[in-house]
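Trainee: One structure coming up, written as structure tokens, with questions to follow.
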Amino acid sequence: GLKYASDFLELAKRATRKKPVIVWKG
Amino acid sequence: NTIFEAAMKQCGVSIAYNIEELIDLMAAFTCPCLPKGNKLGILAESGGGAVAGADSAFEFGLDIPVLSKARQQELTDRLKGVIPPFSAPKNPIDLVWPPMENRVKILVDCAEILLKEVDSLIIMDYAVFNSDYVKGMQDLQNRVRKPVFLAPCFPAKRQAELAKLTLKGVPSFTIPERAVKAMATAVKYSQYVQSIK
């Protein structure tokens, strides 16, 4: 779980530098 | 939930809490420019819409600054003889039903004056959504490089036009509160991008 969360945050950080990212908390 | 929200904030990710917000944020981010700060202008043809927008701005942390005397005078001069003289040119600006003739030009001119002192603008109008209107709003946004969102009156009859404007990079919303909330999220994202530079 921690590895997944960590990878996700890294990916999000890289992405938001370039474009807006929206998470739908459904 | 607190950990999740904090993690998303640290990464600059915007959170949509329901599908309506998801759609609104997608619309907001079609805009080609981001607000550089949290100063919001409101240009309305409806006093009620302006009040609703101003209340929402307060709720979502946006500032609605009173325009300088010079800018108020500029607006007063532009609107002299065009609308009744009791309109307040301070922000929000209530245009009190400007004439149909030259309506797009009146809206664009007033918006441009207002945008000299704010970072973003929300227009609430009864304009006729023809190609002149779409082009006028697009040109304005490209010229000033500040986001302009629309929350037109009678939105239920104008879904097709709202979609058309959004696809042209001028995000359009059905009610003022949704436009303001989306703008507030765009401001937060913009602040995040500026903070990591």
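The values are calculated or read from the model by the stated rules, or taken from the named source; none is laboratory data. The structure presented is a predicted model; accordingly, all values stated were derived computationally and were not measured. Positions of Cβ are generated from backbone atoms using ideal geometry, with glycine treated the same way; all protein chains shown enter the neighbour counts.
Trainee: Name the single residue that is surrounded by the fewest Cβ atoms within 10 Å (Cβ to Cβ) among those in the stretch B:1-50 being at the interface with chain A (Cβ under 8 Å from one of its Cβ atoms) and of a type in the set (Ser, Thr, Tyr).
Mentor: B:Tyr17
Trainee: With the condition kept exactly as written, say whether any residue in the stretch B:132-147 is within 18 Å of B:Ala54 (Cα to Cα) and assigned to a loop (DSSP other than H, G, I, E, B). Outline the logic, then answer.
Mentor: In the first step, residues of the stretch B:132-147 are kept if they are within 18 Å of B:Ala54 (Cα to Cα); the result is B:147.
After this cut, where a residue has to be assigned to a loop (DSSP other than H, G, I, E, B) as well, the list is B:147.
Yes.
Trainee: Residues of chain A being hydroxyl-bearing (Ser, Thr, Tyr) and either closer than 11 Å to B:Ser14 by Cα or in contact with a Leu (Cβ under 7 Å, 6 or more places away or on another chain) (or both), which ones?
Mentor: First pass over chain A, keeping only residues hydroxyl-bearing (Ser, Thr, Tyr): A:4, A:6, A:16.
Residue satisfying the conditions is A:Thr16 alone.
Trainee: Which of the residues spanning the stretch B:135-177 are in contact (Cβ under 8 Å) with a residue 60 or more places away in the chain, surrounded by fewer than 20 Cβ atoms within 10 Å (Cβ to Cβ) and within 15 Å of the chain's Cα centre (by Cα)?
Mentor: B:Asn142, B:Arg145, B:Cys153, B:Gly169, B:Ile175, B:Glu177
Trainee: Oh, and also: Can you go through B:Leu107, B:Leu67 and tell me which one is more than 14 Å from the chain's Cα centre (by Cα), crowded, with 20+ Cβ neighbours inside 10 Å and either at pLDDT below 95 or not in a helix (DSSP H, G or I) (or both)? Even if it seems obvious, please write down each step before you answer.
Mentor: On the way: B:Leu107 fails: more than 14 Å from the chain's Cα centre (by Cα).
Going through B:Leu107, B:Leu67 in turn, just one is more than 14 Å from the chain's Cα centre (by Cα), crowded, with 20+ Cβ neighbours inside 10 Å and either at pLDDT below 95 or not in a helix (DSSP H, G or I) (or both): B:Leu67.
Trainee: Something else now. Count, please, the residues in the stretch B:168-191 that happen to be more than 14 Å from every other protein chain (Cβ to nearest Cβ), assigned to a helix (DSSP H, G or I) and among the hydrophobic types (A, V, I, L, M, F, W, C).
Mentor: Total satisfying the criteria: 2.
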